[in-house]
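Taking it in order: structure first as structure tokens, then the write-up.
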Amino acid sequence: MDISSMQKYVKQFSEEKGFHVNTTHTRTLYLVTEVGELAKEILSISFNPTEEKVRLAKENIGLEIYDVIFNVLDLANRLEIDVEDACRKKMEMNKHRIWYE
């Protein structure tokens, strides 16, 4: 699925589930919460990782990454930002960016 399709899916899903009533502020707080949950999953394998812990955590990390992406796309929808277009513009800008000196 490409970014544009995912953004359309998020818009439709949010409307169906009644999420569209959330404010931009509320959606931003949900996003921050999901980033925290992602960080917590990564932290769970940061100390004394075993193969089993990493295997289990990877699935949870993937699910939390989805939640982060969903919230970013929902926020973009509220602000009427085409994320695919924004990505193209930023990728072009990054071609000319100096990352270190």
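Side notes on the structure shown:
- So PHE47, is it aromatic (Phe, Trp, Tyr) and either within 15 Å of the chain's Cα centre (by Cα) or not in a helix (DSSP H, G or I) (or both): yes
- If you go through the stretch 20-36 and pick out every residue that is within 16 Å of the chain's Cα centre (by Cα) and surrounded by 14 or more Cβ atoms within 10 Å (Cβ to Cβ), you end up with 6.
- Of the residues making up the stretch 73-87, not a single one is farther than 28 Å from GLN12 by Cα and assigned to a helix (DSSP H, G or I).
- Lone unmet requirement of (1) in a helix (DSSP H, G or I); (2) open to solvent by 90 Å² or more (accessible area, probe 1.4 Å) for GLU101: (1)
- Scanning the stretch 37-77 for residues that are at pLDDT 95 or above and open to solvent by less than 60 Å² (accessible area, probe 1.4 Å) yields a count of 14.
The values are calculated or read from the model by the stated rules, or taken from the named source; none is laboratory data. Everything numeric here is computed off the predicted structure, so don't read it as measured data. Cβ sites come from the backbone with ideal geometry, for glycine too, and all protein chains shown count toward neighbours. What goes into the accessible areas is simple: the full protein's heavy atoms, side chains included, and nothing from ligands, DNA or RNA. Shrake-Rupley method; radii C 1.70, N 1.55, O 1.52, S 1.80 Å.
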